[in-house]
Amino acid sequence: MVSSMRDADPREPCGFTLIELLVVLAIVSTLLLLVAPRYFQRVDVAQEAVLRDNLRTTRQVLDHFQADHGRFPESLQELVDKRYLRALPVDPLTGSADTWTFLPPPEGLEGTVYDLHSGSPDTAMDGTMYANW
C-alpha cells in the first residue's frame, strides 16, 4: 500500500522556536514604531485639508446665497433645503455637522450665518487655532 502522506520523522523539528518568534515580533514592532508617527501625521494633514476645503466651499455657497436672495441664510440647513448644498458639511476635526460656530452678518445685512469656523478647540500644525480659520 502506497501512502500519499509521508510519515513525519519525530527527530525533525516542526514549527518555530520561541527565539524565532521573538525575533519576528521584534522586527514587526520596530517597523510599526517607524511607520506609525508618519501615518498619524498624514491623518492630521488630511483632516486639515478637508477642513480648509469645507470652509472654502461653504463660504462660496454663502456668498452665492446672499447674491441670489439679498440676505444671508438663517442656518446651514436652509442652504441644504434650497439645494445650495447636498448635505450639511461635516467638521472633520469634531466629526460632526453640528459643531460649527457662526458669525453674524455686519450691521445692515439680513440673516444669521455670515461666516463659519470650526468648533474644534485644537491647534493646527502651523500653530494657529482651528476656530480662527
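The values are calculated or read from the model by the stated rules, or taken from the named source; none is laboratory data. Because the structure is predicted, anything quoted here is derived from the model rather than measured. Every residue, glycine as well, gets a Cβ built from its backbone with ideal geometry; the counts of neighbours run over all protein chains shown.
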- Message: If I ask for residues that are loosely packed, with under 13 Cβ neighbours inside 10 Å and more than 13 Å from Tyr114 (Cβ to Cβ), which ones from region 53-68 would you list?
- Response: Asp53, Arg56, Thr57, Gln60, His64, Ala67, Asp68
- Evaluation of Leu25 against (1) among the hydrophobic types (A, V, I, L, M, F, W, C); (2) at pLDDT below 95; (3) more than 30 Å from Val113 (Cβ to Cβ) (one fails), failing number: (2)
- Can you name the condition, by its number, that Phe16 falls short on among (1) modelled with pLDDT of 95 or more; (2) surrounded by fewer than 13 Cβ atoms within 10 Å (Cβ to Cβ); (3) in contact with a helix residue (DSSP H, G or I) (Cβ under 9 Å, 6 or more places away or on another chain)? (1)
- Message: Could you check region 64-89 and list, in sequence order, the residues that are closer than 14 Å to Glu110 by Cα, among the aromatic types (Phe, Trp, Tyr) and out of contact with any Lys or Arg (no Cβ under 9 Å at 6 or more places or on another chain)?
- Response: Phe72
- Hey, does region 41-48 have a residue that's modelled with pLDDT of 95 or more, over 22 Å from the mean Cα position of the chain (by Cα) and of a type outside the set (Ser, Thr, Tyr)? no
- If you check Thr94, Thr58, which single one turns out to be polar (S, T, N, Q), in a loop (DSSP other than H, G, I, E, B) and touching a residue at least 24 places away in the same chain (Cβ under 8 Å)? Thr94
